[in-house]
Each structure stands twice: as structure tokens, then as C-alpha cells.
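The structure under discussion appears below in the form of C-alpha cells.
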Amino acid sequence: MSLAGTLLRSRAVAALTSPHGVDRYLELVNPMWAAREVRARIVDVTMEVELPSAPPVATLTFQPTSTWAGHKPGQYVQLSVDLPGGRRLTRCFTLSSAGSRPGERFTITLRANPDGEVSRYLADRARVGEIVHLSQAAGDFVLPDRVPDHVLFITGGSGITPAMSMLRSLLLRTHRGRVTFLHYAQSPDHQIFRRELDQIRTAGYGVDLHLVYPEQGGRNFSAMELERLVPGFRDVDTWLCGPAGLVEAVLPAYGVSTGSTTGTGSTTGTGSTTGTGSTTGTGSTTGSKLRVEYFKPPAASGVAGGRLSFERSATAADNTGASILEQAEAAGLTPKFGCRMGICFSCAVTKSEGTVRNVLTGETSSRPDEEIRICVSTPEGDCSVDL
Amino acid sequence: MTHTITLTPDQLEAFGAEMDAIRQRIVADLGEEDAAYIRKVVKCQRGFEAAGRALFYLPVLGWAPAVACLSISKILDNMEIGHNVMHGQYDWMGDPGLNSRMFDWDTMAPAENWKHGHNYMHHTFTNIVGKDRDVGYGILRMDEDQEWRPYYLGNPLYAFLLMMLFEWGVAVHDLEFDELVAGRRTWAENREIGARIWKKVKKQTFKDYVLFPALTGPLFPLTFAGNVVANLVRNVWTFNIIFCGHFPAGVATFSVEQCEEESRGQWYYRQLLGSANITGSKLFHVMSGNLSHQIEHHLFPDIPARRYPEVAQEVRAICEKYDLQYNTGPLRKQLGSVFAKIVRLSLPTRRPKDTSVPVPETGAVVAA
């Protein structure tokens with residue numbers, strides 16, 4: 001770290017800039033100066049998919065502030081953007097470039113989700129030179145430090161982004177082992193990273209690439225099909241990422257029942273992201289060989305009934321079965337939130353009493369005064385939260 | 001003196017609906033201009049602050065401008081930015097730097113404590129004698145319904161001391177010493193609040209009275225004195241603006257019984273008649289954090305303050321329609337009236353001999 005950085009993060013500077021903090025001053029001089037916060041300037045916007053019939057997909061390149069700590073391929077970042085109308089919104093996006101070191105440029109590839117204000121803005125309207133606000137990269141859906149001899153990626157749609165980040169890193173590192181890449185997309189025209197994948201296929205990197213298009217008769221990734229493409233696939237280290245439909249179709253092939261993705265072995269509570277498109281998803285690792293990342297929001301399908309009390313606001317509402325975050329918003333409250341998919345803990349609040357169901361795991365919990373993520377918790381009957 | 005409500009429940013409901021309509025219209029209209037405005041004010045404030053700190057390095061010649069810049073910075077920070085941001089007026093922007101949960105201001109009072117005492121206690125129970133701790137702040141006698149005690153002979157002195165030490169007064173306000181003395185509050189309840197005050201006071205004191213003076217080397221005493229004066233200027237200014245908000249003659253107070261099961265309309269009514277405005281220039285409104293529009297602020301505490309002047313015209317029209325008092329006047333008039341009250345209430349209130357005389361049925365409360 002530079003001398004200036006060390007100085008700016010010193011206790012003396014903190015005391016001088018109290019109570020606002022040094023970043024509140026630096027950002028006014030130059031938005032690319034920061035002591036702790038991470039910001040980035042958009043330096044390039046490239047369209048990946050432009051079809052009249054489908055939402056566009058864009059890759060944005062960012063120059064972060066020197067405070068960016070770098071990322072491991074497969075990780076995600078919370079990105080806040082000032083939308084027209086003076087409102088800043090935050091969503092999670094997967095990084096698509098190979099791993100970055102501190103202060104290095106990186107890319108995010110995203111699909112303009114028709115319902116997603118942030119992804120739509122970034123794909124359609126964001127211009128080179130704009131500043132966005134970032135968290136540090138996070139997430140456990142990453143390659144291990146020691147890469148296994150055979151790596152299998154199974155992805156669908158925009159779920160390709162974390163796998164692409166990993167693949168790019170493997171190619172840069174001149175990985176000597178085998179890489180098998182199975183991807184399911186609607187059609188060649190909808191294929192993200194199409195040209196780069198073509199190059200990878202023909203350049204003799206030794207990547208076994210299978211792009212499957214149902215329009216051209218491509219078959220679903222059933223156990224039989226997987227066995228045909230990757231014999232002994234259950235023993236291969238696998239990274240599975242895509243919409244719920246794809247994930248739920250593949251899980252049984254690995255002997256994992258759907259809906260119980262907390263699983264065995266190396267479970268991780270918070271490992272995942274979203275990326276392109278729907279900006280939702282939940283992660284978890286199942287078993288020792290299969291790592292999963294959903295790209296689709298877990299539908300908060302709780303049970304209606306009972307009263308949901310917001311203690312601090314002294315209001316209450318009938319429990320509709322939606323997530324507590326959604327119910328709070330419907331009641332006119334504005335709780336803090338980040339990813340809205342159970343990753344970032346921005347929305348964590350204390351539940352003082354009642355039972356809640358975690359929509360990611362299906363687990364219920366009735367402990368008093370426990371901290372819950374309200375974006376992925378639904379009340380079961382009467383429930384009180386500190387909102 | 002307790003006010004008698006002049007509107008019928010039906011009228012109150014209609015009155016409340018008109019206020020709700022104003023609120024909804026403004027909330028729906030919030031956008032880029034409001035965001036740009038508050039960011040511009042923040043930029044100005046930080047500019048004045050940096051200039052103030054820097055000018056102390058210029059011996060003698062720089063001192064007065066330095067104090068002026070720092071005073072302006074602290075006033076902007078506390079009033080148009082701090083007070084309003086911590087009301088959640090800009091939470092809709094989603095900017096952590098302007099969020100009521102994150103923001104803290106350049107004064108001794110910790111944000112967390114103040115938000116409870118002010119946003120909740122004062123804004124909910126405005127001018128209910130016995131419930132709103134801002135009626136006299138537990139120190140002063142500002143209403144006839146506060147029973148006179150010999151202690152209140154010192155009313156003008158306490159007010160003067162509070163003015164000079166205002167930031168300290170605001171900081172310890174939440175400890176509710178008067179309640180503690182009365183035995184209605186325990187020390188245990190104060191532990192957390194006290195710890196927050198101690199932490200903030202240490203930071204503020206160290207910054208203004210040790211670190212910045214020390215950084216100017218041999219000019220330490222001058223910088224130290226300059227920082228004392230800047231804090232004092234801010235104290236005097238904010239005290240005067242704030243005292244004009246609820247204490248000028250004609251402002252109504254209410255009893256606890258009156259406000260039991262209060263309707264939304266009656267809440268608006270109480271906010272309107274329990275507050276007073278100050279007329280002045282645009283710059284004056286900015287420097288007062290738009291608390292010169294105390295009436296509008298109390299009706300719509302979470303609407304960006306820059307909107308109050310535009311809202312004021314509509315509120316006035318509604319007041320005329322319902323024949324309600326709209327208490328406003330220039331600073332000297334409102335201040336004169338406040339100080340007269342401070343002095344007058346230091347002595348026991350002479351009650352009219354015949355207590356059966358009905359309270360006049362006018363919108364304006366007759367000042368005793």
C-alpha cells in the first residue's frame with residue numbers, strides 16, 4: 001500500500017475528519033480518491049448480445065480506486081449506481097474478467113433484466129466516465145488455490161459469467177489439467193462471449209467445450225447426457241451455475257435432492273451471487289465435488305397468516321407470506337437492503353420473537369433475538385422484527 | 001397555556017387529508033434537483049470547513065476569516081445538513097453519506113441519542129406539556145402550565161447559559177437529568193446514552209481543541225481560541241433559531257389528556273399551532289436549515305427542507321380556509337417575544353381570580 005494510502009487510513013486523519021470520515025472529503029475533490037471505500041469509473045461498455053427479441057447483454061470494464069482489494073474468479077461485487085431521479089440503488093453482479101489484483105481493472109457482464117432497474121441502466125444507459133460505488137469482492141463460488149486436474153463447468157444462460165471468469169484465469173495461468181465446459185443457451189445468437197468461446201475452442205487450449213442450444217436439438221443435461229459428455233462426471237470437481245431450472249435438473253444427476261442445497265461436506269452459508277440478469281440467486285455448496293450457484297431468485301413462498309410486527313415503527317401488518325423485506329416495504333417502511341438474495345447481510349435485523357423460514361434452505365428458526373436476513377426470511381405465523 | 005381545539009373532528013379529518021395530499025405530492029416529486037441541492041450544500045460546507053482550518057495558518061490576518069468560515073461550516077453542518085439528513089429527509093437517495101442511519105454531525109451530541117430525543121420524543125409529542133421534553137428542555141419554564149418554583153427565578157440566566165453552551169446542552173439533554181432527579185429515571189437507563197456522549201465528546205474536543213490547534217504549531221493559542229469562538233457562534237445562532245420555533249407568543253401548547261387517541265388530523269393541527277416561522281431572505285433560510293419554516297418542518301419532518309418554502313404557501317392558504325393561526329414574523333419580533341416570555345415566566349403566573357371564565361374560542365391562543 002502506498003504511503004498516501006497508509007496516511008489517509010491513519011488514526012490521526014480519522015480524528016481530523018471526524019465525524020464524517022476522510023472519504024466524505026476525498027470524494028468531493030476527486031471521486032477516484034478513496035481511503036477505504038471502493039469506487040470505480042466505467043472505462044468501456046461493450047455489447048455482447050443485441051437482439052431485438054431479447055434483453056441486451058453488456059460487458060462493462062471498470063477502473064477501480066486503489067482501495068479495490070482484487071477478486072478471485074467466480075466472486076461477485078455489490079454495485080451501487082446513481083440512477084436518474086437522484087436515487088442510488090445497489091445490486092450484486094458477478095465479475096466476468098479473470099482474477100484481479102488490488103487496484104486492477106475488471107469487468108462485469110450483465111443482462112438487462114426487464115424488471116431490473118440497475119442492470120437495465122448499466123446495459124442501456126451507462127456511459128464511459130461514470131462513477132459507480134462498490135463493495136469489495138465476495139463469495140465462495142471460486143476455484144480453490146490448488147486447481148484440480150479436471151475441472152467441469154456446467155452453466156446456463158447468464159450463469160456463464162462466474163465460470164467464464166474462472167476459465168479466463170485458468171487460461172492465463174496456463175492450467176495444465178483438463179477443463180470441460182458445458183453451457184446451455186437459447187440459441188447461438190443468445191450466446192454470451194460467443195467469439196471468445198469460438199477462439200478458445202479452436203486455439204488448442206485443450207478446453208473441451210460443449211455449447212448446447214435447444215433450438216438446434218441440443219439435449220438437457222440429464223445424468224445420461226452428462227455421462228456421455230463427461231464419463232465419470234460425479235467424481236469430477238464441478239462448478240454448476242445457472243437458472244433454477246438448469247440447477248434443479250442437474251442436481252439429481254449428482255445424487256443431490258433439490259431444495260436441500262445446504263448439503264454435506266464443504267457447505268458455505270453465503271457463497272454466491274447473481275450476475276447477469278436477474279441479479280438474484282443464492283448459493284451453497286453441495287457435496288464435496290459439486291459447487292452450486294443459483295442465478296434465479298428463490299421465490300419467497302412462505303405461508304400467509306398471523307401478524308408481522310415492526311417494533312421500531314410501531315406498526316404491524318397481516319403476514320402475506322412474502323419476505324419480511326417485501327412486507328416491510330409494502331407497509332411503507334424503508335429497511336436497508338443490498339443484494340435482496342441473502343448474500344450481503346445488509347438487511348440483517350434482529351427478530352425478537354416468532355418463527356421465520358429461510359427461503360434458501362427451507363429451515364425454520366424460532367430463537368428469540370436472533371439476527372435474520374429479512375430478504376430471504378418469511379414469517380411463519382406471528383413474528384416481531386426490529387424495524 | 002393549554003389550547004382549546006377549534007375544529008370539529010370532521011373538520012380535523014378534512015384538514016389532515018389536505019396535509020396528507022401536500023405530503024404525497026412532494027414525496028412523489030422528489031428527484032434529481034433535491035439530490036443536487038443537498039450535495040451542493042455539503043460541498044459548500046466542506047469547502048468552508050477546509051478554508052477555515054487552513055486560514056488559521058495565516059497569522060493575525062487570517063484569524064477572523066478563519067473563524068467566520070468555520071462558523072459557517074458548523075452552522076451548515078448542523079442545520080441544513082445534519083438536522084435534516086438525520087430526519088431521514090434524504091434517505092430516499094440511497095446514499096450512505098446522506099443517510100439518517102449513518103450520518104453524524106459536527107457537534108457534541110451523538111446522532112443516535114439525538115435522533116431518539118428529537119425525531120421521536122419531540123416530533124411525536126410536540127408541545128404536549130409534560131411529554132415533550134423540548135418544552136423548556138427540563139431546565140427552563142417556557143409555558144404557564146409548568147408549575148412555578150423558586151428555581152425558575154433563574155430562567156433568564158439558565159437560558160443565557162444554555163445559549164452559550166448549546167451543543168453541550170443538546171448532548172446531555174438525552175440523559176434527562178431532571179427525570180433522574182425526580183426519580184422517574186434510573187442511572188442504568190443512562191449507561192448506554194452516556195457512553196455514546198462520552199465517546200463523541202472526546203472526539204470533538206480532541207479535534208477542535210487539541211489536534212487542529214497543535215497542527216498550527218506556535219499559533220496554537222490563536223487556533224484554539226478561534227475554534228472556541230466558531231463553536232460559540234454556532235451555539236448562539238442555533239439556539240436563537242430553535243427558540244423561535246416553538247416559544248414565541250401565540251404558539252399553542254396542549255395537555256396530555258387532549259392528545260389521547262389523537263387523530264392524524266389533530267396531530268397535524270397540533271404541529272401547525274405548536275410551531276412558529278421566521279421570515280427572511282433565501283440565505284437566511286439556508287443558514288437556519290430551513291427551520292425558519294418550523295411549521296412546515298413539523299407538519300412534514302421527513303420532506304427535504306428545501307421544499308418548505310414552496311409548501312408554506314399552500315399551508316397558509318389552508319390555514320386561512322380553516323381560520324387557523326399561522327405564526328410568523330421577522331427574527332427580531334419572534335426573538336423579542338421569546339425573551340419576553342423567558343423573563344415573564346421566571347416569575348409566578350398570576351391566575352385570573354374567576355377561573356370559570358371560558359377560554360376564548362379563537363384559533364390563536366391568547367398569550368397570558
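Nothing in this text is a laboratory measurement; each read-out follows from the coordinates by a stated rule. None of these values were measured; they are calculated from a predicted model. Cβ sites come from the backbone with ideal geometry, for glycine too, and all protein chains shown count toward neighbours.
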*Just need log10 I(q)/I(0) for chain A at q = 0.07, 0.11 Å⁻¹, Debye formula, equal scatterers on the alpha-carbon atoms, no solvent, rounded to two decimals.*
-0.34, -0.84
_In Å and on Cα atoms, what radius of gyration and Dmax does the range A:307-385 show?_
10.9, 30
_Residue with peak Gaussian network fluctuation, chain B [Cα springs, cutoff 10 Å], from B:330, B:150, B:110_ = B:150
*Based on DSSP H runs of at least 4 residues, each adding -39500 (n - 2.57), what is the mean residue ellipticity at 222 nm of chain A after dividing by all its residues, to the nearest 500 deg cm²/dmol?*
-5000 deg cm²/dmol
*Past the 20 Å Cα-Cα mark, which pairs from B:131/B:333; B:74/B:207; B:74/B:341; B:74/B:131; B:43/B:282; B:115/B:341?*
B:131/B:333; B:74/B:341; B:74/B:131; B:115/B:341
*Radius of gyration and Dmax for the protein assembly as shown's Cα atoms, expressed in Å?*
30.8, 106
_Whole-percent pair-distance distribution, where bins are 5 Å wide, for the alpha carbons of the range A:3-134_ = 2, 10, 18, 22, 17, 14, 8, 5, 2, 1, 0, 0
*How high is the relative contact order of chain B, in percent, with contacts defined as C-alpha pairs under 8 Å that are six or more residues apart?*
26 percent
*Based on a Kirkwood Rh over C-alpha pairs, give the Stokes-Einstein translational diffusion coefficient of the range B:1-134 at 37 °C and viscosity 0.692 mPa s in µm²/s.*
184 µm²/s
*Out of every Cα pair in the range A:1-79, what percent are spaced more than 17 Å from each other?*
59 percent
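Among B:180-192, A:138-150, what's the highest-first ranking by average C-beta atoms within 10 angstrom per residue?
Highest-to-lowest ranking by the protection proxy: A:138-150, B:180-192.
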_Per DSSP helix of 4 or more residues, -39500 (n - 2.57); summed, then divided by the residues of chain B. What does that give at 222 nm, rounded to the nearest 500?_
-16000 deg cm²/dmol
_Could you identify which residue out of B:270, B:23, B:149 has the top mean-square fluctuation in a GNM of chain B using Cα springs shorter than 10 Å?_
B:149
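Can you give me the Kirkwood hydrodynamic radius for the range B:62-156, using every pair of distinct Cα atoms, in Å to one decimal?
Evaluated over the range B:62-156, this radius sits at 15.7 Å.
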*asked:* Over chain B, with a Gaussian network built from C-alpha contacts below 10 Å, which listed residue (B:205, B:253, B:328) shows the highest mean-square fluctuation?
replied: B:205
_Give the average, rounded to an integer, of partner chain Cβ atoms located within 10 angstrom of each Cβ in A:87-93._
3
_P(r) histogram, all alpha-carbon pairs of the range A:68-208 included - 5 Å bins from 0, percent_ = 2, 9, 18, 21, 19, 15, 9, 5, 1, 1, 0
*Partner chain coverage, peptide B:87-98 - average Cβ within 10 angstrom*: 4
*asked:* Contact order normalised by length for chain A, with contacts defined as Cα pairs under 8 Å and 6 or more residues apart; what percent is it?
replied: 13 percent
*Given q = 0.09, 0.12, 0.14 Å⁻¹, what are the Debye log10 I(q)/I(0) values for the range B:9-344, with equal point scatterers placed on the Cα positions and solvent ignored?*
-0.50, -0.90, -1.22
*Return the average number of partner chain Cβ atoms within 10 angstrom of each residue Cβ along peptide A:15-24.*
6
*asked:* Using Cβ contacts closer than 10 Å as the measure, can you line up A:100, A:313 from fewest to most?
replied: A:313, A:100
*Which order do the peptides A:115-128, B:223-236 take when ranked by the mean count of other beta-carbon atoms within 10 Å per residue, highest first?*
B:223-236, A:115-128
*Under 15 Å from the Cβ of residue B:224, count the other residues' Cβ atoms, weight Lys and Arg +1, Asp and Glu -1, and hand me the total.*
+1
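Based on a Kirkwood Rh over C-alpha pairs, give the Stokes-Einstein translational diffusion coefficient of the range B:128-218 at 37 °C and viscosity 0.692 mPa s in µm²/s.
The Stokes-Einstein estimate is 214 µm²/s.
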*Rank by packing, highest mean first: peptides B:94-100, B:155-161, with packing defined as the count of other Cβ atoms within 10 Å averaged across residues.*
B:94-100, B:155-161
